[in-house]
Number of protein chains: 2
Amino acid sequence: MAVTDEAIEKIKGMIVSGALRPGDRLPKESELAADLGLSRNSLREAVRALSLIRILDVRQGDGTYVTSLDPQLLLEAMSFVVDFHRDDTVLEFLAVRRILEPAATAMAALRISEQQLDALTAQLDKLGDDPSVEDLVACDLEFHRGIVQSSGNSVLCSLLDGLSGPTTRARIWRGLTQEDAVGRTLREHRAILAALRDRDAEAARSWATVHIASVEQWLRSTL
Amino acid sequence: MAVTDEAIEKIKGMIVSGALRPGDRLPKESELAADLGLSRNSLREAVRALSLIRILDVRQGDGTYVTSLDPQLLLEAMSFVVDFHRDDTVLEFLAVRRILEPAATAMAALRISEQQLDALTAQLDKLGDDPSVEDLVACDLEFHRGIVQSSGNSVLCSLLDGLSGPTTRARIWRGLTQEDAVGRTLREHRAILAALRDRDAEAARSWATVHIASVEQWLRSTL
DNA sequence: TGACCTGATACGTCGGAGGTCTTGAGCGAC
DNA sequence: GTCGCTCAAGACCTCCGACGTATCAGGTCA
């Protein structure tokens, strides 16, 4: 195994074992390199790799730190990965989202606060009946994110955030707006919100399923 | 932005735009560094980072290639990330798995082949009534993986594979085997298999839910 | 007291020099 | 003709030393 890969494993080990805790500062590059028995250049490759997936946070002129390791932060790196997928796997991602999002919406129905319900309502009201494509995409993303956050599971939230990444969503909407789907989407958002306000988990789940299934159906007929 | 980060973005751009396709070979380090306008050392950091998340495949003595970019390969990197999470977020991961796995099992009930059913049966038979901890862990992992693969969604499969990563699973089982849970787990596996053989999606879904919920319950009472 | 300057510290970038591994061409034995 | 070996070229691996740049702490001066 290459020395850089060993270094990655060792640093990972230090964090997993608890020798390095979230927020801790690593020894400076030259020292750490000496400790791990490799050159500074090779160590930097290891640090850079761990920095890309948000395990480490490197600050020039200051030092290198372990991040908070929040699920949200770590799974955020997943959206980087999702960006690489081509259209032929979008349906599979959507199918997973079709499983997760209704469940998350149902969970949210039992926990969401009145404030958040009001915030979602205001958000939909602000959009109006005939929004621009950019506004619609942004709103859709925010609407679903707001609901999923109320599910209380940060892993679930981050996962869905990654799955519904900007790229995927944008690709879908680009063509979707050409049909009548805009109006239907807005109506479905209203229906989901109403179910949440009623604390009706099953209705919320069903509306979320319908909502995603309609996108899926359209996408399937297009590809 | 640092030159290395720029290089990461540029390489990513070349892949996403289609200039580099899966399996393609990159120019050699010195050339690519010259093209992108940075030193070989800095470029290597970018390549190493993309290699960690399985975007690039570096072969010493040969060259650097774009991987197949299969969802399976890319999401495999997720298990690396999951390893960093401590016990306090295990429950959240398990909750997500509790959503996905029953759905995957239900999907599998409609698609699984006779051969695979036989293979799963043989696998359970081979294990016997009083297996060792190592065998049980390996069997559990294989059993669920086999079912999820039959769901026909590779993204779903990879995602569950990452969530049920070896670390998490091992931690759970280590203590779980101290109680009577072994026998119950084996019986639940049998029940899931029977439901699959009956092509009864709802029964399969329910048994999978029960199966995971029992683990979740035990874990919740322990932490 | 507060703004500014300055030195120490640590990461960022670079160029070059060997080392190691893979590959494929060339060549001889069977 | 085919198989196996040798060997050289190509490409990545590792290291070193130097210099650039950003941050922070402490001191200076108005």
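The lone criterion from (1) acidic (Asp, Glu); (2) more than 10 Å from every other protein chain (Cβ to nearest Cβ); (3) in contact (Cβ under 8 Å) with a residue 40 or more places away in the chain left unmet by B:ASP35 is number (3). Just one residue in the set A:GLU101, A:GLU134, A:GLU92 is more than 14 Å from chain B (Cβ to nearest Cβ) and under 30 Å from B:LEU74 (Cβ atoms); that residue is A:GLU134.
Of the residues that make up the stretch A:10-21, is at least one within 11 Å of DNA strand D (Cβ to nearest atom) and either open to solvent by less than 50 Å² (accessible area, probe 1.4 Å) or more than 10 Å from chain B (Cβ to nearest Cβ) (or both)? Even if it seems obvious, please write down each step before you answer.
Here is the first cut: in the stretch A:10-21, the ones within 11 Å of DNA strand D (Cβ to nearest atom) are none.
Looking for residues that are within 11 Å of DNA strand D (Cβ to nearest atom) and either open to solvent by less than 50 Å² (accessible area, probe 1.4 Å) or more than 10 Å from chain B (Cβ to nearest Cβ) (or both), one finds none in the stretch A:10-21, hence no.
Filtered by the rule that a residue be away from every other protein chain (no Cβ under 11 Å) and under 21 Å from A:GLN72 (Cβ atoms), the stretch A:22-32 gives A:GLY23, A:ASP24. Checking each residue in the stretch B:147-163 for being surrounded by fewer than 23 Cβ atoms within 10 Å (Cβ to Cβ) and either in contact with a Lys or Arg (Cβ under 7 Å, 6 or more places away or on another chain) or among the charged types (D, E, K, R) (or both) picks out B:SER150, B:GLY152, B:ASP161, B:LEU163. A search for C-beta distances below 7 Å between a residue of the stretch B:44-55 that is more than 8 Å from DNA strand D (Cβ to nearest atom) and any residue that is among the basic types (Lys, Arg), counting only pairs 6+ apart in sequence or on different chains, returns B:GLU45/A:ARG44; B:GLU45/A:ARG48; B:ALA49/A:ARG48.
Tell me, which residue of the stretch A:80-98 that is of a type in the set (Lys, Arg) and at pLDDT 85 or above is least open to solvent (accessible area, probe 1.4 Å)? Break it down into steps so the answer makes sense when it comes.
Filtering the stretch A:80-98 for residues of a type in the set (Lys, Arg) gives A:86, A:97-98.
If we keep only those that are at pLDDT 85 or above as well, we get A:97-98.
On the way: A:ARG97: 22, A:ARG98: 98 Å².
Checked the stretch A:80-98; the qualifying residue least open to solvent (accessible area, probe 1.4 Å) is A:ARG97.
Hey, does the stretch A:23-32 have a residue that's aliphatic (A, V, I, L, M), open to solvent by 30 Å² or more (accessible area, probe 1.4 Å) and within 16 Å of DNA strand D (Cβ to nearest atom)? Spell out the reasoning first.
As a first pass, look at the stretch A:23-32 and keep what is aliphatic (A, V, I, L, M): A:26, A:32.
Narrowing the set further to residues that are open to solvent by 30 Å² or more (accessible area, probe 1.4 Å) leaves none.
Looking through the stretch A:23-32, none of the residues is aliphatic (A, V, I, L, M), open to solvent by 30 Å² or more (accessible area, probe 1.4 Å) and within 16 Å of DNA strand D (Cβ to nearest atom).
When each of A:LEU156, A:LEU110 is tested for being within 14 Å of chain B (Cβ to nearest Cβ) and over 19 Å from the mean Cα position of the chain (by Cα), the lone residue that passes is A:LEU110.
Name the single residue, out of those in the stretch A:48-58 being more than 6 Å from DNA strand C (Cβ to nearest atom) and surrounded by fewer than 20 Cβ atoms within 10 Å (Cβ to Cβ), that is nearest to the other protein chains (Cβ to nearest Cβ). Step by step, filter the stretch A:48-58, then rank; the result is A:SER51.
Report, by residue number, each residue of the stretch A:56-68 that is more than 9 Å from DNA strand D (Cβ to nearest atom) and either hydroxyl-bearing (Ser, Thr, Tyr) or more than 23 Å from the chain's Cα centre (by Cα) (or both). Passing the criteria: A:THR64, A:TYR65, A:THR67, A:SER68.
Could you tell me whether any residue of the stretch B:122-135 is open to solvent by less than 60 Å² (accessible area, probe 1.4 Å) and β-branched (Val, Ile, Thr)? No, every residue in the stretch B:122-135 fails to be open to solvent by less than 60 Å² (accessible area, probe 1.4 Å) and β-branched (Val, Ile, Thr). Candidates are the residues of the stretch B:65-78 that are modelled with pLDDT of 85 or more and open to solvent by 20 Å² or more (accessible area, probe 1.4 Å); the one that is farthest from A:ASP88 (Cα to Cα) is B:TYR65. Yes or no: the stretch A:60-80 includes at least one residue that is touching a strand residue (DSSP E or B) at 6+ places or on another chain (Cβ under 7 Å), under 25 Å from B:ILE11 (Cβ atoms) and not charged (D, E, K, R). Yes, the stretch A:60-80 contains a residue that is touching a strand residue (DSSP E or B) at 6+ places or on another chain (Cβ under 7 Å), under 25 Å from B:ILE11 (Cβ atoms) and not charged (D, E, K, R).
The values are calculated or read from the model by the stated rules, or taken from the named source; none is laboratory data. The shown structure was predicted, so the numbers you read here are calculated from the model rather than taken from an experiment. Here the Cβ is made from the backbone with ideal geometry for all residues, glycine too, and neighbour counts use every protein chain on show. In case anyone asks, the SASA skips ligands and DNA or RNA and just uses the protein heavy atoms, side chains included. Shrake-Rupley method; radii C 1.70, N 1.55, O 1.52, S 1.80 Å.
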